[in-house]
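Take a look at the structure below.
Bear in mind that the values in this text are calculations on the coordinates, not laboratory data. Keep in mind that what you see is a predicted model, and the values were worked out from it rather than measured. Cβ coordinates were reconstructed from backbone atoms using ideal geometry, including for glycine residues, and neighbour counts include every protein chain displayed.
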Amino acid sequence: MKIIVSGGGTGGHIYPALALIKRLQQRELLDDVLYVGTKSGLEERIIEREHIAFQAIKIQGFKRKLSWNTVQTLYLFINSIKKSKQIIRDFQPDVVVGTGGYVSSSVVFAAHLLKVPTVIHEQNSVAGLTNKFLGHFVDKIAYAFTDVKDQFSEKKKLVFTGNPRAQEVADLKPNLRLDDYGLQPQVPTVMIFGGSRGAAPINKTTIASLTEFSRRSYQVLFVTGRVHYENVQKQIKTIQLGNNVKIVPYIDDMPTILPDMALVVGRSGATSIAELTALGVPSVFIPSPYVTHDHQTKNAQSLVKNQAALMIPEEKLTSAKLLQTVDQILSDSKLQTKLATNSRKLGVPDASDRLITVLENLIKTTK
């Protein structure tokens, strides 16, 4: 198939799109692919690094309050639809897929106007504004959390696929990567990680817990995020760390180390959850309260209610609470097994293939 994919702004929209493209390539189902994004988001750098054709359009998100900025945004949106229509006419795709972010609104809507088959993918448990708008026009709405179904009125369009990122990591096995950080692969290890940029509240609480963590029999791999690393190093100068605690700014190719973890503590973004459930890794989520519609809390709650993870709201995050929760899980093998088993049950290790089936069926029925 020839396919246009659009999604941007955050990794949560980009990485599922990239996972879908890679799986199409693996299965030799791809004649050609074009990624349409913006130059202001992360997508151009990430996509071009993968040697995938990229075109940019100029668009910005609508603000909730009316202002002169709203007029400019509307002007850019109308212009971006014109540009998107031209891109689609030139490329002649069999299908257009949107994975979220405001850039996908004009690309997918333009495809609808040109009567090209369209699919959107919603990664979170709370539908984004762009996907809610596009849901009225697209042919199919793929989703990853069952909680999101009620947020779309077009029930016949809905199809559960899971997050394509899950399939990308599902076959990973323990690979002794802890050796790279001076830790012992055979010793249970908790990774504390606030996301690619790190999270100051998680870092602050972890720093306050390092003395106690240094006395534990398990190991701690504390990933600060690159932008926070120097500041963390300054704050821990007076702390005597045990050999069981290692602090790093970032881990390249993060998913490959997940199978070596007995426990992961961190944010509850859609991509993280897709990876952790595909592998069945026990987790403690500390959702970011700063994201739109508090969707990370709702993401985490979907696992908590299935006894697949524990959650600590950020406002209740203290050193004592963090230590108590990590100790509770790593001292109880039955609890670890329960969390791992229930997490894996929620995983969708064939998510990309499910989404590809949706695309294939849609192309067949519209030809």
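Relative contact order for the stretch 251-367: what percent, with Cα pairs under 8 Å and sequence separation of 6 or more?
After rounding, I find 28 percent.
Checking a compactness column here: for the stretch 106-152, what do you get for Rg(Cα) / (2.2 N^0.38 Å), N being the number of residues?
Computed over Cα atoms of the stretch 106-152, the ratio equals 1.10.
If each Cα of the stretch 151-268 is one equal point scatterer, what is log10 of I(q)/I(0) from the Debye formula at q = 0.10, 0.14, 0.23 Å⁻¹?
Computed log10 I(q)/I(0) values: -0.37, -0.63, -1.40.
Would you kindly state how much longer the chain becomes between residue 338 and residue 364 on full extension, computed as 0.36 nm times their sequence separation minus their alpha carbon distance, in nm to one decimal?
5.1 nm
Ratio of alpha-carbon Rg to the 2.2 N^0.38 Å globular estimate for the chain, to two decimals, please.
1.03
Once phi is turned into ³J(HN,Hα) by the Karplus curve 6.51 cos²θ - 1.76 cosθ + 1.60 with θ = phi - 60°, what whole-Hz value does each residue of the stretch 297-306 show in order, with x for glycine and proline?
Along the stretch 297-306, the couplings run 5, 5, 4, 5, 4, 5, 7, 4, 5, 9 Hz.
From the P(r) of the stretch 317-367, can you give the percent of Cα pairs sitting at distances over 12 Å?
74
Suppose the chain between residue 320 and residue 90 were pulled fully straight at 0.36 nm per residue; how much longer would it get relative to their current alpha carbon spacing?
Difference between extended and current length: 76.9 nm.
Evaluate the charge dipole of the chain about its Cα centre and quote only its size in Debye, nearest 20, assuming +1 on the Cβ of each Lys and Arg and -1 on the Cβ of each Asp and Glu.
Dipole about the Cα centre, nearest 20: 920 debye.
Would you grab the residues whose amide H sits under 5 Å from the one on residue 245? Only those 5+ places off in sequence or on another chain, please, with H modelled 1.01 Å from N.
Here the answer is 220, since their amide H atoms fall under 5 Å of that of residue 245.
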